[in-house]
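First up is the structure itself, then whatever we jot down about it.
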Amino acid sequence: MSARPDVPTDVHPFPVPASRPLADALWHAVAEAGAGHVHGVPGDYSLRLLEALEETPGLGWAGCSTELGAAFAADGQARARGLGVLCTTYGVGELSALGAAAGWAAEDVAVLHVVGAPAWQRLRGGAAVHHSLADGDGEHWVRIAAEAGAAVHVVAPDRPDALTAALTTWRRDRRPTVLVVPHDLVDLPVPSPPTVAAEPAVAQEARDRAADLARRFVAAAPRATVVLGHLVHRRGLHDAVRELAALGSPLAVLPAGRTAVDDDDPALLGSYQGPLSDPGVRDAVESRSGRVLLGGTLSDTATAGFAHDLSLGETLVVGRDALRWGDEQVRVPIEVATAALVAARRTRGAGGAAEPGGTVRARPARASCAAAPAIDATAAVTQARLWAALEVTLPPAHRVVVDPGTATSGVLASHLPAGTRLESQTTWAAIGFALPAALGAALATPDEGVLAVVGDGAARVTFQELGLVRSAGARIVLVLVDNGGYTIERLLGDPSARHHDVVPWDWPALVRAVVGPDLVDVATPTTDGELRAALAAAFAARDRAQVVVVRTEPLDAPPALHAVARALARSRSRPARSTDAPREGTAS
């Protein structure tokens with residue numbers, strides 16, 4: 001899997017002019033960052049930006065059917081390559097993308113959203129231009145983007161440095177970033193190359209305080225379990241996690257941290273989801289031995305409706321921007337905080353997982369496909385048989401992208417091969433995410449195998465983005481589960497209510513219509529034997545996209561999804577607690 005791109009330096013392999021038009025400088029900086037593609041939908045305010053993009057070596061245009069799909073594709077691109085890019089037009093375009101763009105902040109994904117806007121004087125003066133509310137305020141959408149978690153930078157005649165500021169928050173800080181470019185300032189001269197500000201120096205005093213806090217925590221909780229979250233993936237902390245494991249720290253993973261270590265890693269206890277945790281994992285995480293929350297979010301979906309209990313023992317929170325233990329907090333980047341934790345464990349030495357009396361803590365049995373049905377070539381396809389088949393056919397080192405609902409619950413209960421990278425939306429949980437995100441990831445890392453598992457309800461939101469197979473050359477394996485509607489909603493409410501149903505679609509015909517029969521193979525297995533053969537053939541073929549459509553019953557769901565639905569129902573019926581605080585583990 002790809003690592004984070006390096007922060008750019010002042011060394012360039014070819015001569016560059018002292019200044020260049022803003023759009024030219026923007027796209028050259030994006031190409032230099034290694035983004036590869038820009039996703040989006042054209043609009044009249046963004047046309048001059050896109051014309052400059054066409055002239056930029058090393059940067060391609062991945063035109064999408066909708067801005068929502070493009071934003072999800074940029075999300076997948078950022079997860080696979082470290083950075084993603086989207087370009088839309090003012091108002092209608094950027095708002096269409098917002099349902100996915102807010103997820104960048106919720107899931108800590110670094111996407112640069114370039115918005116082509118009306119001329120500067122009209123934008124500032126609130127002229128009644130198209131795609132506005134015609135109410136004298138041209139900056140509604142700027143404020144909305146900021147409220148959705150993005151760092152927003154608006155180019156102005158006296159603010160050419162907005163480009164540098166945007167590149168800095170995107171590339172250095174790994175934050176979702178919006179750059180608004182009025183169309184009459186596309187040619188505004190800016191320094192070339194635009195300088196991305198260097199990583200801010202972390203004061204030695206802060207480093208020392210972080211090191212001291214980590215040492216005191218390790219001394220107080222030497223057997224603490226390290227619970228891994230999504231920022232291990234986003235910030236490339238895998239080497240540090242491996243060292244913690246080598247030093248004796250037992251590991252557990254939150255749903256969004258799954259595959260931060262391989263399923264067969266001897267240090268891994270299993271998945272933690274409060275009462276829905278793998279056997280023995282809840283006892284380890286919630287015990288008096290304490291725990292380290294490393295880059296994770298204790299959301300309702302990650303904790304069975306806030307049913308976790310971390311009241312016993314000590315808790316060290318290694319967050320995105322701070323290290324916290326009890327009432328003490330040191331503001332340092334997560335990389336510095338993690339390094340302090342590793343150094344503290346290294347100083348103490350290996351063996352921290354020993355229980356009192358010198359007995360090594362036993363690793364709990366993993367919950368996985370132990371209860372999977374026996375192979376029966378003539379049996380009808382079910383959710384259980386689908387995930388059992390994927391366990392034995394999925395090759396190592398694939399990226400697996402899943403939508404909320406049956407797909408997420410199914411994969412979390414499955415045993416995944418070495419090198420798998422699981423991508424989900426545990427916090428934002430937007431249906432329609434997986435298919436375009438998988439396509440964006442496939443374009444970002446064309447040599448990497450990508451699997452998307454999508455339900456028919458989610459597929460209806462962004463299915464047209466499958467056209468990237470033809471227009472941009474994306475290659476994925478898509479497993480589309482047709483179960484007649486929204487199974488997760490059936491489990492949360494009245495299962496027979498009509499609003500859970502969807503109009504049946506002819507998926508094989510739609511696939512061929514959107515992609516064309518020359519670039520995709522479609523299989524429609526109905527039995528266990530046919531399913532396993534179809535999946536094996538799909539993973540073996542890399543020159544064409546592969547779509548496997550399976551039908552299951554509307555209420556057929558992985559057991560874990562039934563349990564999550566019951567837990568969320570209980571959560572809705574009880575009063576909120578102070579421990580339901582947002583973003584515990586990632587907040588500054």
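The values are calculated or read from the model by the stated rules, or taken from the named source; none is laboratory data. Given the structure is predicted, the values throughout are model-derived calculations rather than measurements. Please note: Cβ atoms are built from the backbone with ideal geometry, for glycine as well, and neighbour counts cover all protein chains shown.
Residues in the range 89-100 that are under 28 Å from L422 (Cα atoms) and not in a helix (DSSP H, G or I): 0 in all.
Just for the range 42-84: of the residues that are hydrophobic (A, V, I, L, M, F, W, C) and in a loop (DSSP other than H, G, I, E, B), which one is farthest from A106 (Cα to Cα)? Among those that are hydrophobic (A, V, I, L, M, F, W, C) and in a loop (DSSP other than H, G, I, E, B), it is L59. Among the residues of the range 202-214, are any surrounded by 24 or more Cβ atoms within 10 Å (Cβ to Cβ) and either in the same structural domain as S289 (by TED's automatic domain parsing) or not in a helix (DSSP H, G or I) (or both)? Looking for residues that are surrounded by 24 or more Cβ atoms within 10 Å (Cβ to Cβ) and either in the same structural domain as S289 (by TED's automatic domain parsing) or not in a helix (DSSP H, G or I) (or both), one finds at least one in the range 202-214, hence yes.
On the stretch given as the range 418-456, residues that are closer than 21 Å to P558 by Cα and either assigned to a helix (DSSP H, G or I) or free of Cβ contacts under 8 Å to residues at least 24 places away in the same chain (or both) total 3. Looking only at the range 50-67, count every residue that is surrounded by fewer than 24 Cβ atoms within 10 Å (Cβ to Cβ) and either assigned by TED's automatic domain parsing to the domain that holds F463 or aliphatic (A, V, I, L, M) (or both) and tell me the total. Looking only at that region, the number is 4. Checked against (1) under 17 Å from the mean Cα position of the chain (by Cα); (2) at negative phi, A429 meets all criteria but (2). Against the list (1) touching a Ser or Thr at 6+ places or on another chain (Cβ under 9 Å); (2) of a type in the set (A, V, I, L, M, F, W, C); (3) modelled with pLDDT of 95 or more, the condition L555 fails is (3). Is it the case that the range 27-38 has a residue that's in a strand (DSSP E or B), assigned by TED's automatic domain parsing to the domain that holds P182 and in contact with a strand residue (DSSP E or B) (Cβ under 7 Å, 6 or more places away or on another chain)? Looking for residues that are in a strand (DSSP E or B), assigned by TED's automatic domain parsing to the domain that holds P182 and in contact with a strand residue (DSSP E or B) (Cβ under 7 Å, 6 or more places away or on another chain), one finds at least one in the range 27-38, hence yes.
Would it be correct to say that D403 is within 11 Å of F72 (Cβ to Cβ), acidic (D, E), touching a strand residue (DSSP E or B) at 6+ places or on another chain (Cβ under 7 Å) and touching a residue at least 24 places away in the same chain (Cβ under 8 Å)?
yes
Checked against (1) assigned to a strand (DSSP E or B); (2) surrounded by fewer than 24 Cβ atoms within 10 Å (Cβ to Cβ), D278 meets all criteria but (1).
Taken as a whole, the range 491-502 holds no residue that is at pLDDT 95 or above and surrounded by 21 or more Cβ atoms within 10 Å (Cβ to Cβ). Note on the range 312-325: among residues that are touching a residue at least 40 places away in the same chain (Cβ under 8 Å) and more than 23 Å from R172 (Cβ to Cβ), the one that is nearest to the chain's Cα centre (by Cα) is V317. Within the range 121-141, the set of residues being surrounded by fewer than 21 Cβ atoms within 10 Å (Cβ to Cβ), assigned to a helix (DSSP H, G or I) and of a type outside the set (S, T, N, Q) comprises R122, R124, G125, H140. Residue count for the range 387-417 under the criterion of being assigned to a loop (DSSP other than H, G, I, E, B) and of a type in the set (D, E, K, R): the result is 1. Among residues of the range 503-519 being free of Cβ contacts under 8 Å to residues at least 12 places away in the same chain and of a type in the set (A, V, I, L, M, F, W, C), the one that is surrounded by the fewest Cβ atoms within 10 Å (Cβ to Cβ) is V503. For the range 8-27, taking the residues that are charged (D, E, K, R) and at pLDDT 50 or above, the one that is farthest from P191 (Cα to Cα) is identified as D24.
Under the condition of being part of a loop (DSSP other than H, G, I, E, B) and either closer than 18 Å to V232 by Cα or of a type in the set (G, A, S) (or both), the residues counted in the range 308-330 number 7.
Among the residues here, R566 qualifies as under 29 Å from L492 (Cβ atoms), of a type in the set (D, E, K, R) and either surrounded by fewer than 19 Cβ atoms within 10 Å (Cβ to Cβ) or outside the structural domain of L491 (by TED's automatic domain parsing) (or both). What about A198, is it part of a loop (DSSP other than H, G, I, E, B) and either assigned by TED's automatic domain parsing to the domain that holds L323 or in contact with a strand residue (DSSP E or B) (Cβ under 9 Å, 6 or more places away or on another chain) (or both)? No. Report, by residue number, each residue of the range 142-187 that is surrounded by fewer than 16 Cβ atoms within 10 Å (Cβ to Cβ) and of a type in the set (K, R). Selection gives R143, R159. Out of G236, G305, G248, one residue alone is part of a loop (DSSP other than H, G, I, E, B), on the phi > 0 side of the Ramachandran plot and either free of Cβ contacts under 8 Å to residues at least 24 places away in the same chain or more than 28 Å from the chain's Cα centre (by Cα) (or both). It is G248. In the range 112-126, the condition of being touching a strand residue (DSSP E or B) at 6+ places or on another chain (Cβ under 7 Å), in contact (Cβ under 8 Å) with a residue 60 or more places away in the chain and of a type in the set (V, I, T) is met by at least one residue. Cβ-Cβ distances below 8 Å connect the following pairs, each with a first residue in the range 198-216 that is at pLDDT below 95, a second residue that is surrounded by 12 or more Cβ atoms within 10 Å (Cβ to Cβ) and part of a helix (DSSP H, G or I), and a separation of six or more residues or different chains: A198/R172; E199/R172; V202/V336.
Per-residue answers, yes or no, for (1) farther than 18 Å from G295 by Cβ; (2) surrounded by fewer than 24 Cβ atoms within 10 Å (Cβ to Cβ); (3) of a type outside the set (G, A, S); (4) touching a helix residue (DSSP H, G or I) at 6+ places or on another chain (Cβ under 7 Å):
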| position | (1), (2), (3), (4) |
| --- | --- |
| R216 | yes, yes, yes, no |
| A224 | no, no, no, no |
| G248 | yes, yes, no, no |
| A260 | no, no, no, yes |
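Of the residues examined, V109 is not one that is closer than 22 Å to A430 by Cβ, surrounded by 14 or more Cβ atoms within 10 Å (Cβ to Cβ) and touching a Cys at 6+ places or on another chain (Cβ under 6 Å). Of the residues that sit in the range 520-543 and are charged (D, E, K, R) and touching a Lys or Arg at 6+ places or on another chain (Cβ under 7 Å), which one is surrounded by the fewest Cβ atoms within 10 Å (Cβ to Cβ)? Top of the filtered list is R542.
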